[in-house]
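In what follows, a structure is listed as C-alpha cells, so that the remarks can point back to it.
The values are calculated or read from the model by the stated rules, or taken from the named source; none is laboratory data. None of the values given here were measured: they were computed from a predicted structure. A quick note on method: Cβ atoms are made from the backbone with ideal geometry, for glycine too, and the neighbour counts reach across all protein chains shown.
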C-alpha cells in the first residue's frame, strides 16, 4: 500500500498517458462518415433515369441551411419542408443535362431513416445528425435515343475527418467526394465527383447489354437421312398412291402394296437419319453455358430485363420459379434487404445422365455449385457464400438449349474465410440499401 503522497502523484502522472494509449480515442472509434454524407445512384430505365439520393442531416444543413427548432434532430412536421427544399435545390442545380438541355425532374418517393441509437457513440462529432438520412427517389425523363448525359454536382461541404483542426476556409480545406453509382443494363460503374471536377459525362451503353450472356454451343444435328416421322409419312403416301392408282385391280393392288412394304421395311435403316453424333462433353458444355447465364441475368438491374435475359436460358413456368429462388438467395436480410451483386459462380461437381442421341436431344445434369454475393458500401462490403445442389433437365428446342426442369436438392450458407478487420472492429456496419 502506497503511503507517500509523492508516490501516488507520480503513479497518477504515469498512469494517465498509459490509460489514454490503451483506451480507444476519438481517432480509433470515429466513423469516417461522422460529417456530411451523401450517396447517389443512377439507373437507366425505359422511362429515363431513376435516381436514388441519400443524404444525412449534416449534408442537408450545410447545403441548404438549418431551419429547425432543434439542430441535431428533425421533427415530423419539419420533414416535408426539408424534402421540398431539397427537391428545389436539385431542380435549380440541373443535376442531369442532355447537351445544353435540362431534364424534367419528378419525385417518386421520400423516406426518412432515423438514427440508430446503438451507432451514435461512434459519431462523437455530429451524433444523431450524421445518422439521420433522407432518402429521395427521383426520375428524369428523356428520349430513348440519348447516348450520353452530363452529371453535375454542386455541393461539396468540408470533410471534417480530413480537415486539420481550425481549418474552415472553404477554398483550402478538403471537401467530401460524392460517389455516383451508374447502372445501365448489366453495366455498373462508379463516378467520383469532386469540387475540382464536379461534372461527369456518362456514355450510356447501347443495346441494353444484349451481348452480356454467354453464347451456347450449337445443337448437334444429323448429317444425312430422314427422321422417323418423315419416313412414316413417305410410307403412308406411297400406300395411298397405290390404292388410288390400282383400286380397280385387286391383284395388282396387293402386288403394289407388297412392293411398297418391302421397299420401306427393308430399306428403313438406309433411309433413316443416323443417331446424333455427340457425347457427355457436349452436354456438359451446353449446361455450363446455361448455368452461367442464370446468374448473368441478375447483373441487369430492372426485373423486366432480368426476365428477358432468363428467357434465353429457361423455358416455360420454370422461369418464374428460378427467378424467385435466385432472387431470394441474393437478399441480405441483415442489411435491410439489400440485394447482393453476384461476384463469382463456381461449379463443383457435374454429372450428366439420361443423355439421348435421338431428336429432340435431352439430358439431366446433377450439379453442385457455390455463389459469392457482395453488397458494396463506401469503404467496406458484406459478403455471402451459398452452396447449392440441384438436378436440372435440359432439352434442345427450336430456339436453342433450354432448362426445362429443376429440382433444388439442398441450399446452405457457408462461413466466409476470416479476414483482417478493415478499420475499427468496434464500429457496426453501415446499413445497406438498393433500388
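Values for this structure:
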| read-out | value |
| --- | --- |
| Members of the range 161-180 that are at pLDDT 85 or above and either within 26 Å of residue 87 (Cα to Cα) or outside the structural domain of residue 46 (by TED's automatic domain parsing) (or both) | 175, 176, 177, 178, 179, 180 |
| The one condition in (1) under 26 Å from residue 35 (Cβ atoms); (2) in contact (Cβ under 8 Å) with a residue 12 or more places away in the chain; (3) surrounded by 14 or more Cβ atoms within 10 Å (Cβ to Cβ) that residue 71 fails to fulfil | (3) |
| Top-ranked residue of the range 134-150 - restricted to ones that are under 23 Å from the mean Cα position of the chain (by Cα) and assigned to a strand (DSSP E or B), ranked as surrounded by the most Cβ atoms within 10 Å (Cβ to Cβ) | 149 |
| Test: residue in the range 308-319 that is surrounded by 19 or more Cβ atoms within 10 Å (Cβ to Cβ), under 16 Å from the mean Cα position of the chain (by Cα) and more than 19 Å from residue 389 (Cβ to Cβ) | yes |
| The range 21-60 - residue that is in a helix (DSSP H, G or I) and surrounded by fewer than 21 Cβ atoms within 10 Å (Cβ to Cβ) and, of those, modelled with the highest pLDDT | 29 |
